[in-house]
Every structure is written in C-alpha cells, then in structure tokens.
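Derivation of every value follows stated rules applied to the coordinates shown; laboratory data play no part. Because the structure is a prediction, the values reported are computed rather than measured. Backbone-built Cβ (ideal geometry, glycine too); neighbour counts: all protein chains shown.
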Amino acid sequence: MKKIDNYKVISTTSGDKGLSRNYSNVELSKSNILFEALGNIDELSSYLGHLYHMTDDQDIIRLIQQKLQNISSLIATSDDSTRRESISKITKHDIEVIEELEQRLLTNTVIEPLFVLPGSDTSLIGSYYDLARSITRRSERSLVMFTEINRRTDLDFCLMYLNRLSDLLFIYARSLAPRK
C-alpha cells in the first residue's frame, strides 16, 4: 500500500488512544469538556454551512461562521499561551452587529409571547433556523461549563455572542413564517 506523503499531518494516531491536543499543543483526553465545547461549535458551523446553501443570507452566515471559528480558536488556546495574542477576539462590536440584525428583522416580524414548537409556525427554511438555534444553545451550555471549570473569564464576550446568536436564529425562523 502506497503511503501518502503528508498523511502524518492529518493522522497523528494519538486520537487512537483517546487523546488530542489543544491549539497550545497541550495533550488532553478527548473526554475533556474542551472538546465537547469545540465539537458543538464545529457542529453549529457545519450546520450553518448547510443552511448557507438554502438561504439568501449567505453573507451573514459566513460572518457568523468566521466568528465561530474565532471563538473555537480562543477556547482551544490555553490561558498562558502566547498564541492567544494573535487570535481575533470577539468584541462588543461583534455582539452589536448581531443585535442590529435582530432589530432589523423584528421591524417586519411578529413574535407572539408564547412557546413555539420549532418548525411549526415557519417555512421549511425557518425550521432549519430553529435547528441551528438549538445547536447554538447546546454550544452555549457547553461553553458555560468549560468557562466555569477552567475559570476562563476571557471568554465572556464569546458567551454573549452565542446567547445573542440563538436569539437571532429564533427571530430568523419566525421571520420566515408564512404570512397569514
């Protein structure tokens, strides 16, 4: 069997033993909450990539995916790592962008003060936004757990971003409801 030259770059084999490395090159068990948080955010970004092909909001989705990548890099970098300085941070401005999008959507969207069954009052594409919202909430919960366990207060804006993002996705789903 012919070996691919750069195969070792992809397959380190440490994963075979249930281990992986963070961005600071620290080896950890794959059961570490770090990988739960990273995996949930990766799933969210992948799902948004799917949604990207089904919506006209492609620029917004790409922007969100880029911010999720920044969040993942920040999470995966140890507190004491010098690498952290080179990673783009989530800022108050990033959160304000999400809030402005929410306000723009709300000007033409009626949201009843009731619990909503996901997908029940929306179009098919709206149901996809509902699913993205629920993945965002799971990502947020795992990031909260990660920050509490690791005392990572530097990720506060990341938590705020995910919280606002789930609200935005909820509003997107409602904005796509068929007109009555």
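Given the options 90, 95, 171, name the one that is in contact with a Cys (Cβ under 8 Å, 6 or more places away or on another chain) and surrounded by 15 or more Cβ atoms within 10 Å (Cβ to Cβ).
Checking each option against the conditions leaves just 90.
Find all pairs meeting these conditions: Cβ atoms under 8 angstrom apart; at least six residues apart or on different chains; first residue within the stretch 13-39 and farther than 22 Å from residue 139 by Cα; second residue assigned to a helix (DSSP H, G or I).
Qualifying pairs under 8 Å: 27/14.
Looking only at the stretch 123-180, count how many residues are assigned to a loop (DSSP other than H, G, I, E, B) and over 23 Å from residue 76 (Cβ atoms).
Qualifying residue count, the stretch 123-180: 6.
Pairs only if they're at least six apart or on different chains, beta carbon under 7 angstrom, first in the stretch 54-73 and under 27 Å from residue 123 (Cα atoms), second surrounded by 18 or more Cβ atoms within 10 Å (Cβ to Cβ) and of a type in the set (S, T, N, Q); list them, first residue then second.
65/45; 68/45
Select, from 135, 149, the only residue that is surrounded by fewer than 16 Cβ atoms within 10 Å (Cβ to Cβ), touching a residue at least 60 places away in the same chain (Cβ under 8 Å) and either over 13 Å from residue 71 (Cβ atoms) or of a type outside the set (D, E, K, R) (or both).
Every option except 149 fails the conditions.
Name the residue that is farthest from the chain's Cα centre (by Cα), counting only residues in the stretch 66-87 that are under 22 Å from residue 172 (Cα atoms) and surrounded by fewer than 18 Cβ atoms within 10 Å (Cβ to Cβ).
My answer is 66.
Taking the stretch 156-168, which residues are out of contact with any Asp or Glu (no Cβ under 9 Å at 6 or more places or on another chain) and crowded, with 21+ Cβ neighbours inside 10 Å?
158
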